[in-house]
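Single-structure report; data block below.
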Amino acid sequence: MIFYLTLAVIFICLILEALYSGGEVALFSSDINKIKYYAGRGSSGAKQAVKLKETPEWFISTALIGTNLAIIIASTLATGILIQSFGAERGEQIAFAIMLPVLFVIIIIRSIFQHYAEFMAIRVAHFIRVSSIVFYPLAYLIAAISRQTVSISRDQSAKPVSYITKEGLKYILDEKTRGSDIQTTEREMISRV
């Protein structure tokens, strides 16, 4: 019974690790303008994703805490089971042989989250937000340290840089300017940027 419970905890930890690390990648890779568009259409996940993207140190600290906890718990439990079953030396070797492919699977999952960044960011935003409440004291401390470190290293006289990708500009023009007075020639000029 304990054996199966331990396997279930390991499996849950691997899923959590995929959600935390994938969510971090999705939130970083997603286009804020696309997410704001969905938020404007009433998506609560998109609204949460916008809030998270506006305070990146908060979701990064939460994702890192969750990822590290999940990895440590899963690998410790898996190694413990394998050492108990196969002995110390052989158990550690088998644990390494099992966890290495699992890490490659996590890399593939992160790639999927990056490829479908906006979709996945909207889906995982509530999970990251709830996790930040659960990890509040530690996440707050890490976010505060991160904010202070960035403010020390940032040039205070420099204006914040506005950033938009070519794809984001095209998206904004397609969605926001339907029926507006932007002419076809102007659209073509912008599309060549």
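The values are calculated or read from the model by the stated rules, or taken from the named source; none is laboratory data. Please read all numbers here as calculations on a predicted model, not as lab measurements. When we count neighbours, we look across all protein chains shown, and the Cβ atoms used for this are built from the backbone with ideal geometry, even at glycine. For the accessible areas, the whole protein counts, side chains as well, though only heavy atoms, and no ligand, DNA or RNA atoms are used. Shrake-Rupley method; radii C 1.70, N 1.55, O 1.52, S 1.80 Å.
Rolling a 1.4 Å probe over the protein chains gives I10 an accessible area of about 20 Å². For region 1-63, trypsin sites (Lys or Arg not before Pro) are listed when DSSP marks them as loop and at most 10 other Cβ atoms sit within 10 Å of their Cβ; the list is R41.
Placing a label point 7 Å from the Cα of T149 along the Cα-to-Cβ direction, the residues of region 62-82 whose backbone N falls under 15 Å from that point are 62-65. Counted by Cβ distance under 13 Å from T55, the other residues give a net charge of +2, where Lys and Arg count +1 and Asp and Glu count -1. Think of a 1.4 Å ball rolled over the protein heavy atoms: region 1-152 then has 58 Å² of accessible area per residue.
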